[in-house]
Structures are given as C-alpha cells and as structure tokens.
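First the structure, in the form of structure tokens, and then the observations on it.
The values are calculated or read from the model by the stated rules, or taken from the named source; none is laboratory data. Fair warning: this is a prediction, and the values are worked out from it, not measured in the lab. Here the Cβ positions follow ideal geometry from the backbone for every residue, glycine too, while neighbour counts run over all protein chains shown.
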Amino acid sequence: MSDRMYPGMRAEERTGFAPYSAFDIPADLRELHGRYDVEATALRVRNFRYAEEWMMMMLGGWVATIPEIPVKTGLGKVIWQTAQAADELGKRLPELRCGRKALEASEAANSAFADLIQAIAEPESPDLTIEKLSGVFDVLIPHLVEIYELHNRETDPICDAPTIDILADMIRRKREHIQWGQDVLDALCETDALKQRRRERADHIASLLKASGGVTGVLETGQETLN
Amino acid sequence: MKRFIPHEELARDSRFVRQDPAQATVLASLPDDVDTVVNVFEQFGPLIEAGVRGTSAEPLFDELGPGFMISVLNEPLDPEAGAAVPRLLLRMHGIFVGELQALEGAARSIWDFPDAPWEFKMNMARQCWDEARHIQIFEKLLIHLGGHVGMFPESTFLFEAACSDDPAMRVAGVNRGLEGLACDVFRDMIRFAEKTDDEVMKQAVDYVLADEITHVRFGSEWVKEFTKNDPEHFRKTQDFRREVDKRFSFGGARSDREDAAIPIAREDRLEAGFTEEELEELAQISGEGPSKQTLMTAAKILHDRFKASQAAETTEATS
C-alpha cells in the first residue's frame, strides 16, 4: 500500500486512498438521462416564472377588494412566497445560457395560457372571493404542482439538479398554499349554492387550462415533447 | 381587473363603518384661530355624530361633543388621564386599520404598476407579508387591551392620501408618508407600553417598528430610482410627500412641537433614510397647524355648547 499523499507521474506513484465512484457513498442510483435539454429547460423555467409572476400580481390586486380579513392576511404571505418563487426561477435563467439580464424573463407558453391568466384575474367585486380563490387555489396552483413534480421526475436528475432543488422548495410551499386555500374555500362555501358556485368556477377555469395546454403548453403527460 | 381603485372600494366585512375622510382633510388645514376651529367642528357636528353612533366612540362623543377627536388626538396617551382606556383603544384601532390600508396599498402597487422593475415588486411583496403580520399583531393587541375589530369608525384617508397613480408618488406617499407616520406612532406606543409595564405590547410594537423602518427605506430608495435623471419628477414627488405629511400631521398632533401628542421619531426616521433636511422640513410642515392651546380652548367651547344643547333638549322633552 502506497503511503504517498499525492499522485506522481508513474503508475507506481499512486496514492493509497481508497477508490470510490461519485455515486458510492451514499449509494446513488441516479442516471444521466432526461427529457429536456438546456434550451427546453430554460423555456420551461420562463413559462413557470410567467405563471408565478402573474399569480403574485393578481393576488396583490385582490387584497384590497376582498372583505374577509383572514383572506387578506393569508394572501399577504402567499404573495411574498410566490414572489420568492418567481425570483428563484429568474436566478436560474442565466445559469441556463439565457444571458445575465434574463433574471426577469417570463414567457407564456402560448396566447391561450396568457388568456387563462387574465380570465383567472378577472373577478373584481368584493362579493366574488370564492371565484377569485377557486381559480387560483382549486385549479392553477394544483396544476403548477403537478407540472413541477413532472419536471422533477423527467428532467436529468444530475445535470438539472439546481432546477429540481428550486422546484422542490416551491412544491413544498405550494402544498401549504393549496391547503390554506382549501380551508378558506371550505369555510366560505357553507351552503350548497356556494359550493356550486365554487365548482362552476373551478370547472370553467379547468376547461380553459386544458384548452391552453397548461403552463408549458403541453398538458398531457403522454404528449410531452421537447419544447 | 382594473388598475387603480378609489378608497371607497376598499372591501370590508360587516363589522366596519366608514368615517368621512373630509374630517382629516379639514383638520390638516385649520388655522390657529379658536373661532374658526369651533365653527368648523360645529358645522361637521351632525356628520361626526352620524359616524360614531353605534360604535365604541359614541360614549366619547356623548361626553365631549363633536370636538372629541381634537381632545383625543392632541393629548398624549396618559394611563392616568380620564378615559385613558377608550383613548388607547381608539389609537390602537386606528393603527389596526392603518395597517390594513398599508397592506392594501403595498399589494395594489404590485398590480397597479406591472411594468415596474422586478426588485420593486419583490420589495412590495415582502411588505405585503409584513403588513399582513402587523394586522394580525394589532388585532391581538386590540383584544389584549379589551377591544375588538370594528369598534370604531374607519377613516380611509391614509389610503386616499397616499395612493397616487404615479409609482414614485405612490412610494413617497405609502412608504415615506404613511410608514413614516407609523414610525412616529409606534415609537410613542413603545413609550406608553414602558410606562404601563406592558411587555407584550412593548415587544410586539418594537418588532413592527423594525419592519416599518425597512418599508420606509424601500420608499427612500425607490423614490430615487423612479425619479433618476428627472429633477422635475423628483420635485413633484417631494411636493406630494409634503402634502401627505401635512395631512398626516393632524393639525400638529404629530409634530416636533413641545406640546405634540405624537413626537416625530427622528432617530428611527434617520435610520430609515430620511435626511436631516427632510426632517427639518417635516418639523416645519407638521408644526404649522393650530397650537395645542387653540385646539384645547376650542374643544372646551365645543364641549360646553354641546352640553348646553343636550340640557336644553332634555328640558324641552320633559316640559
């Protein structure tokens, strides 16, 4: 066994340190494979950022026109965490060859998704808290969680690990937002008529979402292709 | 969803009633003349009365008459003074609705200015969370002191005065005017909590004050950024801030005068980015209102006339 601390230039001048692969300790079964290349991931991150930025903006617009105080205060936290999500996605873009000025780049997958965002943001009057919250917490955020999880399953787990880490943190917080939204909507929808209003709104927004192809423009898992 | 909403469209639940914002405007423009102050408040009497009926301010009105707000605003909070608890609750409720409007102002800034720089939106988003926590803190403190949400009428003049359609003026109004006033009020509340050994209030308000200094700093930085290379825009923004500061001084109740109920928190404001020059100007603007002597004399006349009128009504009813 060699007692050399540093390798020399000849075969017998190796060190004595034990050889491990980068995946030996702890055992790591990840493989180099993924559905998205750098450009595809960059486009998806811009798509995700578009949804997060607009969601933050519309929630900000609604705070003043929602009469229920716990909804106002609850949205305050959701707005901040959604802004942080958009910020983290923006910081990933220069790392994906989008240029150093790409920090604020957002891009709708298509005009139908941009229209969907405007449709979700449409309710304005103070008697429409159910419609406001249902579009975001029953439909949009659950959709985003689904797509973020899909991305994390399908992207290269080693090469695109920074995106995976960002999305994993976002997913954890979004699950909390969904739970908060469900609790609020359940409390607000006390009667069958109010429950029906919530269902109708969610169905309407879900149909627009489906027609748009979702945040990346390709909704069905089986139909996913490189963007 | 439209951009820019008037203060009348701030949504509230069934506990709230509104106060006519004209009262605050009038208070900010009163001259140092007892007769004028008395005449103005007598003129506003029916409006003030209608606004307080059915709220916890009703006993204060019944005791002091239409000038009750003069007494409440211009006397420092004193745990030993008469009606100390209702006055404290009135102040605390005013802070609660002020936080509500600060949240709404910051949140609307995110929606109203979609083309603003991303860092601006981030700052406003952070402020939303902070103001949301402040609402929760002041609801807790209100209950801690024996009060409840909606017990007094809400004046929406903070939102009305501060929420301009121009982003530089919006941050000058909300982040420097409204949040600067918050620094003054919270420093005063901390002093009051120390006097009454109320550790719960002292610690909570101290945390809130730390947040407000950050919000004022946002405002100081964004006013500079939005008016960069545009001296005329900067001048207009400063004029707007002066106008807001004048209205938020409540006729000198918040000022650097020796008799001020709410002194200007100079150290906190300096830390938040106000310059010495701006503070001198604020001291001058806020001290321009009627003297405390004028206001308290007017309040006494209003009280005496109100009591005389009540007595006359009683006599008439019994005869």
Original post:
Say we look at segment B:116-145 and pick out the residues that are more than 21 Å from the chain's Cα centre (by Cα) and of a type in the set (Gly, Ala, Ser); which of these is surrounded by the most Cβ atoms within 10 Å (Cβ to Cβ)?
Top reply: B:Ala125
Subject >> Listing of helices (runs of 4 or more DSSP H) fully contained in segment B:29-116 that carry 3 or more residues being under 20 Å from B:Ser309 (Cα atoms) >> reply: B:34-52, B:58-64, B:68-74
Original post:
Among A:Ala42, A:Ala86, which is touching a Cys at 6+ places or on another chain (Cβ under 6 Å) and either at the interface with another protein chain (Cβ under 9 Å from one of its Cβ atoms) or of a type outside the set (Ser, Thr, Tyr) (or both)?
Top reply: A:Ala42
**OP:** Give segment A:69-83 a look and list any residue that's more than 7 Å from chain B (Cβ to nearest Cβ) and of a type in the set (Phe, Trp, Tyr), or say none.
**Re:** none
Subject >> Among residues of segment B:19-71, those that are surrounded by 15 or more Cβ atoms within 10 Å (Cβ to Cβ), touching a residue at least 24 places away in the same chain (Cβ under 8 Å) and within 21 Å of B:Ala162 (Cα to Cα), counted >> reply: 8
**OP:** Just one of (1) more than 9 Å from every other protein chain (Cβ to nearest Cβ); (2) touching a Phe, Trp or Tyr at 6+ places or on another chain (Cβ under 9 Å) trips up B:Met124, so point out which.
**Re:** (1)
Subject >> Single match in A:Asp127, A:Asp138 (criterion: within 14 Å of chain B (Cβ to nearest Cβ), over 30 Å from B:Glu119 (Cβ atoms) and either at pLDDT 95 or above or crowded, with 16+ Cβ neighbours inside 10 Å (or both)) >> reply: A:Asp127
Subject >> Leading residue by the ranking (surrounded by the fewest Cβ atoms within 10 Å (Cβ to Cβ)) among those in segment B:288-316 that are outside any helix (DSSP H, G or I) and touching an Asp or Glu at 6+ places or on another chain (Cβ under 6 Å) >> reply: B:Ser291
**OP:** Those residues that are of a type in the set (A, V, I, L, M) and at the interface with another protein chain (Cβ under 7 Å from one of its Cβ atoms), I need them from segment B:127-148; list them, please.
**Re:** B:Ala132, B:Ile135
Subject >> Enumerated helices (runs of 4 or more DSSP H) restricted to segment B:193-287, each holding at least 3 residues that are loosely packed, with under 15 Cβ neighbours inside 10 Å, free of Cβ contacts under 8 Å to residues at least 12 places away in the same chain and among the charged types (D, E, K, R) >> reply: B:231-247, B:276-286
